[in-house]
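One structure is given here, and the rest of the page talks about it.
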Amino acid sequence: MLGLGLCGLAWGVAVAPQRQPLEGALRVSALSFGLQPREDGPSNTPEGFLVLRRLRSLTIKDLGKGAPLVVPLRGQRLPLAGGSALAFTAAAGSLELRIALPAGTRVENLQPEGKDQLVLDLLPAAATASGGGNAELTIIPPLAGLTPQVSGAAGLQAVFHQPDQPPRPLTPPDTQFALPLAGGTRLRLQRSDANTAVVFEPNLSVTEVQFTSERQSLFDQSPLTFSTLRSGTLHLGRMQPLSLRTDQFLQIDPPGIAVLTSLRLEQGQLAVEVVGETQRIRSGLSQKHPTNTLQGTLLSRYLSPEQTSGFFGFLAGVISSLVLAVVKGE
């Protein structure tokens with residue numbers, strides 16, 4: 001009986017849920033996440049997020065969440081709330097854009113549109129010890145001398161659009177300049193060459209990663225959630241990998257994905273490589289009723305599926321022998 005008790009204890013410990021290392025590679029049409037501070041840097045300093053060197057145009061709009069967005073440009077404070085927009089266009093060549101984001105910034109609905117556009121929404125970080133500061137855009141105009149001088153910088157045009165008013169041309173700086181963004185912002189980036197790869201900063205520390213998007217119902221305007229997954233594979237511990245299909249919902253128990261080791265724009269989709277930690281992954285075409293589940297255990301953290309099957313086979317054999325001995329003893 002003591003042997004049976006020990007075997008039962010070993011079985012219970014072996015199947016008890018336990019966090020596992022998580023890693024995977026996914027292809028998605030859109031994703032959202034929050035930025036965490038890096039372990040080796042200050043939490044309130046904006047960090048590199050994206051560098052795009054071959055950009056045809058950049059449009060900045062207010063996201064309509066929180067305080068109205070005001071963008072300073074050459075001593076002017078341009079209010080972008082209420083449908084206004086500030087557009088920069090490379091009349092010749094390509095401009096370069098660099099985006100730096102402070103910890104706590106929420107990147108919402110990062111997604112490609114069409115063949116040459118990339119859209120992302122930025123929600124500012126809260127002014128706390130773990131966040132704060134503004135997103136910073138650094139714009140580098142096209143090289144001078146490519147074409148005859150146009151209004152503003154060499155080859156760079158800036159236009160302020162306001163509802164029910166004619167477009168208002170502005171004179172942008174003729175050298176590299178920065179635009180701080182203190183409110184919710186929507187950025188629309190149009191590349192000059194749709195075949196140019198877009199690579200984000202690697203090893204981004206993140207939290208609350210989501211592979212979903214929301215749209216309003218055509219009937220009652222209620223929010224509807226859609227999956228943005230297109231394909232991918234996730235590895236949990238040493239278990240058999242989980243293959244993901246188009247439009248499946250992915251649910252990862254906390255803490256979940258901690259680092260985006262690689263984020264790229266390829267062939268109209270976002271290629272994402274992730275690492276993190278969790279004890280359970282679920283997937284399925286229904287968000288409320290997932291059909292596939294990976295549950296991490298103590299054994300799956302250290303043993304392969306074949307080794308785990310061998311362990312349970314051995315344990316079942318021992319239990320059978322002990323039960324037979326008990327029966328014979330009676």
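The values are calculated or read from the model by the stated rules, or taken from the named source; none is laboratory data. What you see is a predicted model; the values in this text were computed from it and never measured. Cβ coordinates were reconstructed from backbone atoms using ideal geometry, including for glycine residues, and neighbour counts include every protein chain displayed. All accessible areas refer to the heavy atoms of the entire protein, side chains included, with ligands and DNA or RNA removed. Shrake-Rupley method; radii C 1.70, N 1.55, O 1.52, S 1.80 Å.
Worth pointing out:
- Tally, over the stretch 93-102, of residues that are open to solvent by 10 Å² or more (accessible area, probe 1.4 Å) and touching a Gly at 6+ places or on another chain (Cβ under 8 Å): 3
- Members of the stretch 116-153 that are aliphatic (A, V, I, L, M), over 28 Å from Ala92 (Cα atoms) and at pLDDT 50 or above: Leu122, Leu123, Ala125, Ala126
- Counting only strands (runs of 3 or more DSSP E) that sit completely within the stretch 43-120, those holding 2 or more residues that are over 18 Å from Leu31 (Cβ atoms) and touching a strand residue (DSSP E or B) at 6+ places or on another chain (Cβ under 8 Å) correspond to 47-62, 70-73, 76-79, 85-90, 95-101.
- Enumeration of residues in the stretch 248-264 that are among the polar types (S, T, N, Q) and open to solvent by 30 Å² or more (accessible area, probe 1.4 Å): Gln251, Thr261
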